[in-house]
Amino acid sequence: MRYENSDESDEIREIRLAVARLCGQFPGTYWRKLDREAGYPTEFVTALTEAGYLSVLIPEAYGGAGLTLTAAAAVLEEIQKAGANGAACHAQMYIMGSLLRHGSDAQKTRYLPQIASGALRLQAFGVTEPGSGTDTTSITTFAEKRGDHYVVNGQKVWTSRAEHSDLMLLLARTTPKDKVVKRTEGLSVFIVDMKQALQAGMTIRPIRTMMNHSTTEVFFDNVVVPAENLIGEEGKGFRYILSGMNAERVLIAAECIGDAKWFIAKATAYANERRVFGRPIGQNQGVQFPIARAYAQMRAAELMVRHAAGLFEAGKDCGAEANMAKMLAAEASWAAAEACVQTHGGYGFAEEYDIERKFREARLYQVAPISTNLILSHLAEHVLGLPRSY
Ligand SMILES: Cc1cc2nc3c(=O)[nH]c(=O)nc-3n(C[C@H](O)[C@H](O)[C@H](O)COP(=O)(O)OP(=O)(O)OC[C@H]3O[C@@H](n4cnc5c(N)ncnc54)[C@H](O)[C@@H]3O)c2cc1C
C-alpha cells in the first residue's frame, strides 16, 4: 500500500522505522490489558522517553534532540499507525512549547533537561474548566499574588494524565474577567509541582471515559505556587497558550493520520483474506469503496498536515492550516475507523481484533483538544471574514 512520501528526508524515514520497531514491543495484548484495567502504559512511555522520542522538540542545549515539528509529528504518527496510543504522553511535546518559548532561562535550565531525561514528566495541561468549556477566557480558577507566591483556588476538568505527571502547566486568572479591558488579558500560566501541591491543597479525581485516557478532575484549595513558577509575564498567559496551539493541532493531526493508516491497513488485509459467498469480501465494491474513500481522505489530510508543519517550521502564520489539518485528519481517521469496523462485520466488535479499542480512541479527536465546530468558526471568521459567531 502506498503510504510513503517519497520526498521525506532520510532522517524522518529513520525516525519512522525506529519508532515502529519500538512500538512492535508493545503489541495489542499489552494495550488491551491496559484498556480493561484503565491502566497507564508506564513501560511504553518509559521506552519512548529513554529512546529520546518525547524530547525531540527540546533543543540540544537542554538535553533534547532539537528536531523539527515534522520529526515530532512522524513520531506520533508512527505510534498510532502501530496500533499503540500516544495519548498517554503526547501532551509533553506540545505543552513544553510554552516553557520553551516563554519561560525564563532559569526555568528552562531547571526543567527542560529533566524533562528530556525523563526524570520529570510534564504531561498535565490544566486549561478546561467545568463552567467555561470551550470558552477559555471565562475560566475562573484564580491565582492570587501574595508576596513571593501565588495562592490558587478553583477547579479544572479533563486534566489528562494528572496522576502520571510531575508537573502541570496551569492556566489561571490573575485578574478577574470583569476587571480587564480585553477578555484575553489577565490570564497567566504557571508550572505547578504536582507532588508538592498534592501534599497541600490539590486533589485529583479520575474520570472514567469510554476509552483509556487517564483523565481527571483537579481541585485547587489554597494551593501555593512560588512566583518564580510564573511563565513569562503575568496576565499574558492566554497569548502563550495560543502560541502553542498550532504545534498541538499539527501533532494531533499526525496522530489521526497514523490512526487512519492503521484502520485502512487492517481493513484492507481483512477484505483480502475473508471469504464469503466463495470470494474475498474485498472483491465487492460495497466493501472496497468506503476503504478507498477513507484512504483518499487520509492522503488529502496528510498533505494539509505536512503543509501546516512546513509553514510552522518556516516561522509563518499557520493558524488556519494547522486547524484545517487537525479537522481533516480527525475526520479521515473516523471515516477509516467506520470502514474498518464495517469491513470486519461482527469481528470488528471483538476485543481481540483491537478495532473496537482504536475506534473508541479515535473518536476523541473530533472533540478534543478542540472541537470541529470551533475550527469551523475560526475559519469562517478569520479566513472567510464572516461575522464572529460567539
Ligand atoms: C478525554 C478528554 C481529554 C481531555 N484532555 C484535556 C486536557 O488534558 N487538558 C484540558 O485542558 N482539556 C482537556 N480536554 C477538554 C477538551 O479540550 C474539551 O472537552 C473541549 O475543548 C470541549 O469543551 P467542552 O467539553 O467543555 O465542551 P463545550 O464547550 O461544552 O461544548 C459542547 C459542544 O458544543 C459545541 N459548541 C460550544 N460552543 C459553540 C459555538 N460557539 N459554536 C458552535 N459550537 C459550539 C462544541 O463544539 C461541542 O461540540 C479533554 C477532553 C476529553 C474528552
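What the table shows:
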| quantity | calculated |
| --- | --- |
| The range 13-36 residues that are over 24 Å from residue 212 (Cβ atoms), paired with ones that are assigned to a helix (DSSP H, G or I) (beta carbon under 6 Å, 6 or more apart) | 15/71; 15/74; 16/74; 16/78 |
| Matching residues in the range 68-92 - criterion: being of a type in the set (Gly, Ala, Ser), under 11 Å from residue 258 (Cβ atoms) and within 11 Å of the chain's Cα centre (by Cα) | 73, 86 |
| Positions within the range 24-73 being of a type in the set (Val, Ile, Thr), closer than 19 Å to residue 96 by Cβ and part of a helix (DSSP H, G or I), in sequence order | 45, 46, 49, 70 |
| Scan of the range 131-149 for residues that are touching a residue at least 40 places away in the same chain (Cβ under 8 Å), part of a loop (DSSP other than H, G, I, E, B) and within 16 Å of the ligand (Cβ to nearest atom), ordered by number | 134, 135, 139, 141 |
| The range 167-187 residues that are more than 24 Å from residue 97 (Cα to Cα), paired with ones that are of a type in the set (Ser, Thr, Tyr) (beta carbon under 7 Å, 6 or more apart) | 177/137; 177/138 |
| Only one of 377, 389 that is surrounded by 14 or more Cβ atoms within 10 Å (Cβ to Cβ) and more than 18 Å from residue 262 (Cβ to Cβ) | 377 |
| Filtered residue count, the range 366-390, keeping only those that are more than 10 Å from the ligand (Cβ to nearest atom) and touching a residue at least 24 places away in the same chain (Cβ under 8 Å) | 4 |
| Some residue of the range 82-94 being more than 12 Å from the ligand (Cβ to nearest atom), touching a helix residue (DSSP H, G or I) at 6+ places or on another chain (Cβ under 9 Å) and not in a loop (DSSP other than H, G, I, E, B) | yes |
| So residue 132, is it touching a helix residue (DSSP H, G or I) at 6+ places or on another chain (Cβ under 6 Å), surrounded by fewer than 19 Cβ atoms within 10 Å (Cβ to Cβ) and at pLDDT 95 or above | yes |
| Criterion violated by residue 116 - all others in (1) near the ligand (Cβ under 10 Å from one of its atoms); (2) assigned to a helix (DSSP H, G or I); (3) of a type in the set (Gly, Ala, Ser) satisfied | (1) |
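The values are calculated or read from the model by the stated rules, or taken from the named source; none is laboratory data. Quick caveat, the model's predicted, so the values are computed rather than measured. Don't worry about glycine lacking a Cβ; one is built from the backbone with ideal geometry, like all the others, and counts go over all protein chains shown.
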